[in-house]
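Take a look at the structure below.
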Amino acid sequence: MTRRHLLASLLPAALAAAPPLKLAKIETLHFPKGRDSAPFWPHWTWLRLTTTSGLQAVGETYPRTPQEAEMVHSLLAPMLRNRDLRDIERIWTDFHHAFDFQISGGTEMRVLSALDLALWDLCGKALDTPVYRLLGGQSNPKVRLYNTCFPHRHDFLTDPDKILTEIRGQYGINDIKIWPFDNASRSTGGQFITQAQIDQALVPVRKLRDSFGSSIEILIEFHSLWNLPAAIRIARALEPYQPMWLEDMLLPGNPAQYRQLAEATSLPLIAGERMAGRLQFQPLLEARALKYVMFDVCWCGGLSEARKIAAMASAQLLPVAPHTAGGPLLFYASTHLTTALSNVWIQESCQRFYEHDWPLMLENPLVPSQGSITAPDLPGLGMRIKPEVWAHPAAQLRTTA
């Protein structure tokens, strides 16, 4: 038995016996808006904790970077003074109660999510073990992936078959997510959709199904842009093409409307990436409208809250499928979680990220293989940032001691 596996078997005792982890300083890094400010897409905020013993850990959230960074220094840093950073659950609960008193949501939950990721990273490093071991071990040594078509080499509206041919051949990924109805929503405000607009939006869907048949899964994203009648009409038009799911067709605040949508179509629904905290998920789960549950660990409250949301889904025999279309630590942290969870359907990935952005900022970018991803067997979350990223001339770096 290796030292790391021995430690993993003794984690609770080891963590309790370790000396307290106290904060020495907290840093934030983000980049000015605009994709030309850095060679990668700089739409995230990193939070870095340094303890009095010299350990460092990183958290992440997005996309309101200046506001998130300001809240870290003005609100979070004073609240962490004299805390033992091993007390993840107590810190999460105290901070959430404080934020909820001030009307929790938005920046507060995003910043709490970043802090939570950093605390898990820190505990893993203190114990010299991967975070997935702290979360329960390996349920899924390999996590199945689909591809979200962020702008890269091909346009999914015209050449989705080229995208899928690339990712199938190079990475073994057979499933693809597109959002062909968004253009129609921009012209109508999501209040109605014409048959001509439906026909136009179905072109890439039909092209994928005609090219690859049933050997692939097609996932359709809607970005919560539609009202209920339009969503029902779109869902029924998509039924002959049998997509894996319809994602975020409606805004998430009205579970009864989601239930009506579920009853109006034979296609499965998924929602949740924009929702923060298990209390927001509860009424949507109680509506029995979803077949899959989605969350974003950089928005929903971090790993601490995501695992509770996953447990709520599991109690209804529903699988989860995390949203990862953000910064790189979101993908690393989500992969540790999906490695540990027993009710995972599939996980999001973006070809652009692992082919272009991540190699420019990370020493060990995760790359899919045979249609799946494996969590790094390194202490903490295992993401190693290149030192030059912190020293980039456009980087907005701030420190509070």
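The values are calculated or read from the model by the stated rules, or taken from the named source; none is laboratory data. Remember, predicted model here, so these are calculated numbers, not experimental data. Cβ sites come from the backbone with ideal geometry, for glycine too, and all protein chains shown count toward neighbours.
Just one of ARG307, ARG274 is under 17 Å from the mean Cα position of the chain (by Cα), among the charged types (D, E, K, R), at pLDDT below 95 and in the same structural domain as PHE150 (by TED's automatic domain parsing); which is it?
ARG274
Exactly one condition in (1) touching a residue at least 40 places away in the same chain (Cβ under 8 Å); (2) within 26 Å of the chain's Cα centre (by Cα); (3) at negative phi is false for ASN183; which is it?
With respect to (1) touching a residue at least 40 places away in the same chain (Cβ under 8 Å); (2) within 26 Å of the chain's Cα centre (by Cα); (3) at negative phi, ASN183 is out only on (1).
Restrict the check to region 153-165 and report whether at least one residue is touching a Pro at 6+ places or on another chain (Cβ under 6 Å), more than 23 Å from THR324 (Cβ to Cβ), in the same structural domain as LEU341 (by TED's automatic domain parsing) and free of Cβ contacts under 8 Å to residues at least 60 places away in the same chain.
No: region 153-165 contains no residue that is touching a Pro at 6+ places or on another chain (Cβ under 6 Å), more than 23 Å from THR324 (Cβ to Cβ), in the same structural domain as LEU341 (by TED's automatic domain parsing) and free of Cβ contacts under 8 Å to residues at least 60 places away in the same chain.
Within region 148-163, work out how many residues are charged (D, E, K, R) and assigned to a helix (DSSP H, G or I).
Residues meeting the conditions: 2.
Select from region 100-119 the residues that are farther than 28 Å from LEU219 by Cβ and of a type in the set (A, V, I, L, M, F, W, C) and write down the one among them that is farthest from the chain's Cα centre (by Cα).
PHE101
Counting just the residues of region 313-357 that are of a type outside the set (S, T, N, Q), assigned to a helix (DSSP H, G or I) and over 22 Å from ASP116 (Cα atoms), which one comes out farthest from the chain's Cα centre (by Cα)?
The residue in question is ALA315.
So that you can scan it fast, the table gives a plain yes or no per residue for (1) among the polar types (S, T, N, Q); (2) in contact with a helix residue (DSSP H, G or I) (Cβ under 9 Å, 6 or more places away or on another chain); (3) buried (at least 23 other Cβ atoms within 10 Å of the Cβ):
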position	(1), (2), (3)
LEU119	no, yes, yes
GLY124	no, yes, yes
TYR132	no, yes, yes
GLN138	yes, yes, no
LYS142	no, yes, no
PHE150	no, yes, no
ARG153	no, yes, no
PHE156	no, yes, yes
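Looking at region 54-64, can you tell me whether even one residue there is at pLDDT below 95, touching a helix residue (DSSP H, G or I) at 6+ places or on another chain (Cβ under 7 Å) and not in a strand (DSSP E or B)?
yes
From the set of residues in region 57-79 that are farther than 19 Å from SER304 by Cβ and touching a residue at least 24 places away in the same chain (Cβ under 8 Å), which is surrounded by the most Cβ atoms within 10 Å (Cβ to Cβ)?
Among those residues, the one meeting the criterion is ALA69.
So how many residues does region 358-401 have that are small (Gly, Ala, Ser), part of a loop (DSSP other than H, G, I, E, B) and buried (at least 17 other Cβ atoms within 10 Å of the Cβ)?
The total comes to 4.
For a quick check of your reading of the model, give me the residue pairs whose first member lies in region 198-211 and is among the hydroxyl-bearing types (Ser, Thr, Tyr), whose second is surrounded by fewer than 17 Cβ atoms within 10 Å (Cβ to Cβ), with beta-carbon atoms closer than 6 Å and at least 6 apart or on different chains.
none
Under 9 Å between Cβ atoms, at least 6 apart or on separate chains: pull out the pairs that start in region 386-401 with a residue that is under 30 Å from ASN82 (Cβ atoms) and end on any residue that is assigned to a loop (DSSP other than H, G, I, E, B) and of a type in the set (A, V, I, L, M).
Partner pairs satisfying both residue conditions: ALA395/ALA38; LEU397/ALA391.
When residues of region 140-168 are filtered for being within 19 Å of the chain's Cα centre (by Cα) and of a type in the set (S, T, N, Q), how many remain?
Result for region 140-168: 3.
Which condition does LEU285 not pass, out of (1) buried (at least 18 other Cβ atoms within 10 Å of the Cβ); (2) at pLDDT 95 or above; (3) under 21 Å from SER185 (Cα atoms), if it passes all the others?
(3)
Specify the residue that is farthest from CYS298 (Cα to Cα); the eligible residues are those in region 81-108 that are of a type in the set (A, V, I, L, M) and at pLDDT 95 or above.
Per the stated criteria, the residue is LEU85.
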